[in-house]
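The values are calculated or read from the model by the stated rules, or taken from the named source; none is laboratory data. From a predicted model like this one, the values you see are computed outputs, not experimental measurements. Don't worry about glycine lacking a Cβ; one is built from the backbone with ideal geometry, like all the others, and counts go over all protein chains shown.
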Amino acid sequence: MEWQHDTLLGRPADWPQTVDARILTAIARAHTRAELDFSALPPMLGEDLWGCWELSWLDARGKPVQAVAELRVPAASPALIESKSLKLYLGGYAGTRFESNAAVAARIGADLSAAVGAPVQVALLPAAQWSQLSLQAAPGCCVDTLDLQPGGFGPPRPQCLRIEAGAETRETLHSMLLRSNCPVTGQPDWATLVVDYSGPPIVHATLLDYLLSYRQHSGFHEQCVERIWLDLLRHCHCRKLTVYARYTRRGGLDINPLRSTHAQVSLPAWQRFANQ
């Protein structure tokens, strides 16, 4: 894709010495969604929750301060932030003085909101409060232990999804076997994926087979989750559906997209799955 040539991914880059919002690279979501067909589907709601684990700045006297940041970017924002540019941008805080933690959060929120074209929520957890970070088990039934022969690792295969006849159900399923590849660097991305739905029962083995088909697929985190959400809606006829993935950290950042058919759904603050 032509827009990829304008990003910092896979290129040498100099670390900034102070905060510079010009480093941030926005990618129009329309580009990443161009190959997906959202027609005849309910509106896609949700957010991208970024965990930023290598954030530090200087206090008013020049002493370093360290914190973890959570950034919540609306799925409806016109653009998303390219990850390497965000890493470089946050790196500039290490040489910049701020009067307070609130001033840091306000600056990050203002710069990112301007870049993506929508309000970005920022929360900071100072190092003294890191005991609040919690490790959680993925909810619902794990499908990973099912005995099956994968249908192949290549383009995602939504045609393998099946539903059972009978009464509708409400259940939560998860898999720790989601793996895809960065479309720019080719590096693998690993995630635990959670599917919470109501509607005809999904045949669990076919869901696992479908998720395994992403193993050689190239797509950004947000693209993969949106494709899974779309395919489950279209092929499994879900009445309500929430899909989210908690990805492993790379370069001090983890990206956790959530997509849903209904509002008022978001990821809990300061939580991680075991593989994070």
Exercise for review: At least 3 residues that are within 12 Å of E47 (Cα to Cα) in each: list the strands (runs of 3 or more DSSP E) lying fully within the stretch 211-276 that qualify.
Suggested key: 240-247, 253-260
Review point. Can Y197 be described as assigned to a loop (DSSP other than H, G, I, E, B) and touching a Lys or Arg at 6+ places or on another chain (Cβ under 8 Å)?
Key: no
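Could you say whether any residue in the stretch 95-113 is at pLDDT below 95 and farther than 21 Å from R272 by Cβ? Before the answer, list the steps.
In the first step, residues of the stretch 95-113 are kept if they are at pLDDT below 95; the result is none.
Within the stretch 95-113, none of the residues are at pLDDT below 95 and farther than 21 Å from R272 by Cβ.
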Practice item. Inspect all residues belonging to the stretch 186-194 and state whether any of them is of a type in the set (S, T, Y), within 17 Å of the chain's Cα centre (by Cα) and within 29 Å of R272 (Cβ to Cβ). Key: yes
Exercise for review: Search the stretch 164-176 for residues being in a strand (DSSP E or B) and surrounded by fewer than 17 Cβ atoms within 10 Å (Cβ to Cβ), and hand back the single one that is farthest from the chain's Cα centre (by Cα).
Suggested key: T169
Check your understanding: With S56, S39 as the choices, which residue is surrounded by fewer than 19 Cβ atoms within 10 Å (Cβ to Cβ), part of a loop (DSSP other than H, G, I, E, B) and among the polar types (S, T, N, Q)?
Key -> S39
Check your understanding: Does any residue of the stretch 264-271 turn out to be modelled with pLDDT of 95 or more and crowded, with 21+ Cβ neighbours inside 10 Å?
Key -> no
